[in-house]
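**Q** Sharing a structure here in structure tokens format.
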Amino acid sequence: MLPLAARTLAPNFQEFEVAGRGYGYRALYLVIDVTAIIASPGITVTVTGVARLSSKTFTVFAPASLVTTGTVPLRAGPGLTPAMNLTVDDFLPPVFRVSMTHADTDSTTYSIGGMLAP
């Protein structure tokens, strides 16, 4: 989704559509890898569902801000055991967005990878 790079501003969201194509995906697994931080940054990953007919969005998953280096797996899917700020027990909407929010303009080097699961 996002290659490893130093960022001071949040990149544009990435939108995905998994409905109506026979994919049958119900879960999302994201891996955020924060490799370097400057000062006191904070980044937050948000997964948002999109209701195309009404042009409304709704939060599926918004874990706590990441403020240290490390690798963080995030999961959203039915039947998963909920774990605060890491896993939610919910279906993946047919259209969803993955976005980042930066708390300030301090540099953070990170990447986001992901996969869909049936």
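The values are calculated or read from the model by the stated rules, or taken from the named source; none is laboratory data. Since we're looking at a predicted model, the values are computed, not measured. All Cβ positions, even for glycine, are placed from backbone atoms using ideal geometry, and neighbour counts span all protein chains on display.
**Q** Which residue, of 94, 78, 63, is over 13 Å from the mean Cα position of the chain (by Cα), at pLDDT below 90 and of a type outside the set (Ser, Thr, Tyr)?
**A** Numbers: 78 fails: at pLDDT below 90; 63 fails: over 13 Å from the mean Cα position of the chain (by Cα).
Answer to the check: 94.
**Q** Another one. Just need a number here: residues in the stretch 74-116 that are loosely packed, with under 12 Cβ neighbours inside 10 Å and part of a strand (DSSP E or B).
**A** The number of residues fulfilling the criteria is 1.
**Q** Looking at the stretch 17-59 only, could you name the residues that are at pLDDT 90 or above and of a type in the set (Phe, Trp, Tyr)?
**A** Matches in the stretch 17-59: 29, 58.
**Q** Within the stretch 39-70, can you find the residues that are aliphatic (A, V, I, L, M) and not in a loop (DSSP other than H, G, I, E, B)?
**A** Residues of the stretch 39-70 that are aliphatic (A, V, I, L, M), as a first pass: 39, 43, 45, 47, 50-51, 53, 60, 62, 64, 66-67.
Those that are aliphatic (A, V, I, L, M) and not in a loop (DSSP other than H, G, I, E, B): 43, 45, 47, 50, 51, 60, 66.
**Q** Name the residues in the stretch 62-73 that are surrounded by fewer than 17 Cβ atoms within 10 Å (Cβ to Cβ) and of a type outside the set (Ser, Thr, Tyr), would you?
**A** 62, 64, 67, 70, 73
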